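Chemist: First the structure, then my questions, so here it is.
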Amino acid sequence: MGIAETIGVALRNLWANKLRTALSVLGIVIGVASVITMISAGSSAQKQITSDISALGSNMIMVTPNLKPGAKGRSYQHLLTMSLADQIQAAAPAVSAVSPVAQVEGRIIAGGSSASAVITGITPAYTRIVSTRIALGRGLVQSEVDAAAHSIVLGSEVASDLFGQEDPVGRQVALVSGDHRAIFTVVGVTESKAALFWANVDTQAFIPVTTLLYRMSPIKRVGTYFCQASSAQAADVAVAQVERFLASATGTADAFSVASQASLIDAIKQVTATMTLLLGTIAGISLVVGGIGIMNTLLTSVAERTREIGVRKSLGACNRDILLQFLSEALVLSMLGGTAGMLLGWLGGAGIARIAGWPVSVDLSSVVAAVSFSTAVGLVFGTYPALQAARMDPVQALRYE
Amino acid sequence: MIKLESITKVYSMGSVEVRALDDVSFSIEDGDYVSIMGPSGSGKSTLMHIIGCLDRPSSGKYSLQGEDVSELDDTELAHVRNRRIGFVFQQFNLLPRETVLGNVEIPLIYAGVGGKERRRIATEALARVGLSDRMHHRPAEISGGQKQRVAIARALVNSPSLILADEPTGNLDSRTGSEILAILDKLNAEGCTIMLVTHDRSVAERAGRIVHLRDGSVERIEGLRVDRAVEGGPRFDGDS
């Protein structure tokens, strides 16, 4: 029996039981669609996060003290000074700029309105390292750092909370943090920028790090050293140089963690890939459930058509003909479901990305994987019913009422 | 020529052995018309299944046109059924989803005959049973007598060595039944070998010979008229 006839018979039989066919196809549709939706949503999210991290700065390297005391219970808190920034710069030729950064929670008051903000103490290099743009006025300058001046650059959200549509440059604000209260002059406002983790620029306010450490903060310690590698290629070398310097300065390798932007992206990619795999696997389970639906449909079909199988065998169908007939029904079901699910999954993935504001990314490989997986599901779950049909004894099958 | 030599069929039902056929021997010459008669439980069905290659004997030799078919595997038996046997069932056994023409084409499909040729042969077979005008109907849209004629056309398409009719008139009224028997007579006159299984004496008498079965054995073979193949005549086993 030729392929065309086999598929023709399969289509006629499936068409004769439209509702049953539709329901078992639906199982596969849902399975394939959810696999593709999940995987494409995952890869869209990954694209968004990596582009966010790239926007965070250029060739950035973050040097953060480990919060726990180091080996032998020693604390390295005393090392977190302004001068460590200069030492890092001097010891690591591949590092082109270093900005010590410290942060406190604070409240900014201007006239009748006030806004809470993260007060970030920086040096002028910081704006360059984290690619922050100034929308109004200017950024902080070195002389303000040297003098521990009371100058402040507001994040866009902080500025609009305090001043609405008015130009805040040149205005006086009061900054309250803990017991400290001081008057600052607004010198600039940053451009709005997408938030990521710790770094929502819009809700921060920037002051010279010296002002924060010596005039505002009770801690008097730098929190993080933001470094910039001289180029993207030099990032790994810069990380190694900084690590070597810090290890020799502290006598241990685990006092600080040194992370480049690239390694951050890699780590995030790994996390999102794992999440995507997890979601895809969960969705894959629904595909297996869809396969069980196909098997159920076929088993019912085989039982109902026992007599037909007997008649076909008496007319000369061999076991292989019967096997292929039922297997082709399973394949038609799963491939129909695979194709419809692919379209639905593509729409789903694009829809989720749109709603979340991520770049649309429907992976061709996820489409290929889902469709070939659904075909495999059809084969696997179709084989048992098809074998059952093929092995039927023609005499018994003909007697079946 | 069909030759059965000491055909025995034993079913084991748990620990009990049931001898459905016990040492059955007879032969049918090409062009013969033979009826198999016997009460229910006499082994008629079992014998028909073995002659129709739907089942294998437990022992004995069954040769069809000189070929021993008692030892063939499933696929080879399917091939024999397809090319050499034409079945006509009491229940008609047409496939409801196929048209009349589609039903008649089925044996040709399994024989690997191409679409055009298939259509031509099937159309011709339907003309032989007088159903040219019902080709595109579904089985549900035609009468019982017409269904049986479709089944006969389906049995004919691969020019089988033997047409095996199992109670072909059992589900028909007597007038329609005699129409069907007339078609079988005509086919026999045209040279088809026919074996008819029935419990109805008046139906069995259409044949040249009646093989009477009782308790799985051939009780006697009754010659009614001289068969077309005279020299083939009844053959008896030593003790029957």
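Chemist: Under the condition of being more than 14 Å from chain A (Cβ to nearest Cβ) and in contact with a Leu (Cβ under 6 Å, 6 or more places away or on another chain), which residue from segment B:122-144 is surrounded by the fewest Cβ atoms within 10 Å (Cβ to Cβ)?
Modeler: To start, the set of residues in segment B:122-144 that are more than 14 Å from chain A (Cβ to nearest Cβ) comprises B:123-124, B:126-137, B:141-144.
Then drop every residue that is not in contact with a Leu (Cβ under 6 Å, 6 or more places away or on another chain), which leaves B:132, B:135, B:144.
Details: B:SER132: 11, B:MET135: 18, B:GLY144: 14.
Ranking the qualifying residues of segment B:122-144, first place goes to B:SER132.
Chemist: If you scan segment B:1-57, which residues turn out to be closer than 19 Å to B:GLU67 by Cβ, of a type in the set (A, V, I, L, M) and without any contact (Cβ under 8 Å) to a residue 40 or more places away in the chain?
Modeler: B:LEU54
Chemist: Among residues belonging to segment A:283-304 that are closer than 29 Å to B:GLN90 by Cβ and surrounded by 21 or more Cβ atoms within 10 Å (Cβ to Cβ), point out the one that is farthest from the other protein chains (Cβ to nearest Cβ).
Modeler: Here the residue is A:VAL302.
Chemist: Considering segment B:59-77 alone, what residues qualify as being touching a residue at least 24 places away in the same chain (Cβ under 8 Å) and within 14 Å of another protein chain (Cβ to nearest Cβ)?
Modeler: B:LEU77
Condition check ((1) in contact with a Leu (Cβ under 8 Å, 6 or more places away or on another chain); (2) away from chain B (no Cβ under 14 Å); (3) surrounded by 17 or more Cβ atoms within 10 Å (Cβ to Cβ)) across all residues:
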{"position": "A:GLU5", "(1), (2), (3)": "no, no, yes"}
{"position": "A:MET38", "(1), (2), (3)": "yes, yes, yes"}
{"position": "A:ALA41", "(1), (2), (3)": "yes, yes, yes"}
{"position": "A:ASP52", "(1), (2), (3)": "yes, yes, yes"}
{"position": "A:LEU56", "(1), (2), (3)": "yes, yes, yes"}
{"position": "A:ASN59", "(1), (2), (3)": "no, yes, yes"}
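Chemist: What are the residues in segment A:79-124 that are under 32 Å from the mean Cα position of the chain (by Cα), of a type in the set (Ser, Thr, Tyr) and more than 17 Å from A:LEU162 (Cα to Cα), if any?
Modeler: Those that are under 32 Å from the mean Cα position of the chain (by Cα), of a type in the set (Ser, Thr, Tyr) and more than 17 Å from A:LEU162 (Cα to Cα): A:SER96, A:SER99, A:THR120, A:THR123.
Chemist: Scan segment A:346-399 for residues that are more than 30 Å from B:ARG56 (Cα to Cα) and of a type in the set (D, E, K, R) and report the count. Talk me through it step by step, then tell me what you get.
Modeler: Applying the first criterion (more than 30 Å from B:ARG56 (Cα to Cα)) to segment A:346-399 yields A:346-381.
Those left that are additionally of a type in the set (D, E, K, R): A:354, A:363.
Residues in segment A:346-399 being more than 30 Å from B:ARG56 (Cα to Cα) and of a type in the set (D, E, K, R): 2 in total.
Chemist: Filter segment A:169-192 for residues that are outside any strand (DSSP E or B) and of a type outside the set (Ser, Thr, Tyr); which is surrounded by the fewest Cβ atoms within 10 Å (Cβ to Cβ)? Steps first, answer last, please.
Modeler: To start, the set of residues in segment A:169-192 that are outside any strand (DSSP E or B) comprises A:169-171, A:178-179, A:191-192.
Checking which are of a type outside the set (Ser, Thr, Tyr) leaves us with A:169-171, A:178-179, A:191.
Details: A:VAL169: 17, A:GLY170: 9, A:ARG171: 17, A:GLY178: 11, A:ASP179: 7, A:GLU191: 14.
Going through the qualifying residues, I end up with A:ASP179.
Chemist: Answer yes if at least one residue in segment B:173-191 is surrounded by 17 or more Cβ atoms within 10 Å (Cβ to Cβ) and closer than 21 Å to A:GLY310 by Cα, and no otherwise.
Modeler: Scanning segment B:173-191 turns up no residue that is surrounded by 17 or more Cβ atoms within 10 Å (Cβ to Cβ) and closer than 21 Å to A:GLY310 by Cα.
Chemist: Looking only at segment A:193-212, decide whether some residue is surrounded by fewer than 22 Cβ atoms within 10 Å (Cβ to Cβ), farther than 30 Å from A:ALA174 by Cα and among the small types (Gly, Ala, Ser).
Modeler: No, that holds for no residue.
Chemist: Could you please let me know if B:GLU105 is among the charged types (D, E, K, R), under 30 Å from B:ASP173 (Cβ atoms) and more than 14 Å from chain A (Cβ to nearest Cβ)? Spell out how you get there, then give the answer.
Modeler: Values: among the charged types (D, E, K, R): yes; under 30 Å from B:ASP173 (Cβ atoms): yes; more than 14 Å from chain A (Cβ to nearest Cβ): no.
For B:GLU105, the condition - among the charged types (D, E, K, R), under 30 Å from B:ASP173 (Cβ atoms) and more than 14 Å from chain A (Cβ to nearest Cβ) - is not met.
Chemist: Can B:ASP23 be described as of a type in the set (Asp, Glu), more than 18 Å from the chain's Cα centre (by Cα) and facing chain A (nearest Cβ under 9 Å)? First the steps, then the outcome.
Modeler: Details: of a type in the set (Asp, Glu): yes; more than 18 Å from the chain's Cα centre (by Cα): yes; facing chain A (nearest Cβ under 9 Å): no.
Taking the combined requirement at face value, the residue does not satisfy it.
Chemist: Separate question: Does B:ARG81 count as closer than 18 Å to B:HIS136 by Cβ and either touching a residue at least 24 places away in the same chain (Cβ under 8 Å) or not aliphatic (A, V, I, L, M) (or both)? Walk me through it before giving the result.
Modeler: Working: closer than 18 Å to B:HIS136 by Cβ: no; either touching a residue at least 24 places away in the same chain (Cβ under 8 Å) or not aliphatic (A, V, I, L, M) (or both): yes.
Against the criterion (closer than 18 Å to B:HIS136 by Cβ and either touching a residue at least 24 places away in the same chain (Cβ under 8 Å) or not aliphatic (A, V, I, L, M) (or both)), B:ARG81 does not qualify.
Chemist: Next question, about the same structure. Quick one: which residue in B:VAL80, B:VAL100 is touching a His at 6+ places or on another chain (Cβ under 7 Å) and either away from chain A (no Cβ under 14 Å) or closer than 24 Å to A:VAL395 by Cα (or both)? Can you show your working first?
Modeler: Values: B:VAL80 fails: touching a His at 6+ places or on another chain (Cβ under 7 Å).
Result: B:VAL100 is the single residue among B:VAL80, B:VAL100 that is touching a His at 6+ places or on another chain (Cβ under 7 Å) and either away from chain A (no Cβ under 14 Å) or closer than 24 Å to A:VAL395 by Cα (or both).
Chemist: Check segment B:140-155 and report whether any residue there is closer than 21 Å to A:ASP321 by Cβ and not small (Gly, Ala, Ser).
Modeler: yes
Chemist: State yes or no: is B:GLU190 of a type outside the set (A, V, I, L, M) and in contact with a strand residue (DSSP E or B) (Cβ under 8 Å, 6 or more places away or on another chain)? Before you say what the answer is, go through the steps one by one.
Modeler: Numbers: of a type outside the set (A, V, I, L, M): yes; in contact with a strand residue (DSSP E or B) (Cβ under 8 Å, 6 or more places away or on another chain): no.
The answer is no for B:GLU190.
Chemist: Looking at A:GLY337, A:GLY341, A:GLY316, can you tell me which residue is modelled with pLDDT of 90 or more and touching a His at 6+ places or on another chain (Cβ under 8 Å)?
Modeler: On the way: A:GLY337 fails: touching a His at 6+ places or on another chain (Cβ under 8 Å); A:GLY341 fails: touching a His at 6+ places or on another chain (Cβ under 8 Å).
Among A:GLY337, A:GLY341, A:GLY316, only A:GLY316 is modelled with pLDDT of 90 or more and touching a His at 6+ places or on another chain (Cβ under 8 Å).
The values are calculated or read from the model by the stated rules, or taken from the named source; none is laboratory data. This is a predicted model, so every value here is computed, not measured. Glycine gets a Cβ as well: all are built from the backbone with ideal geometry, and neighbour counts include every protein chain shown.
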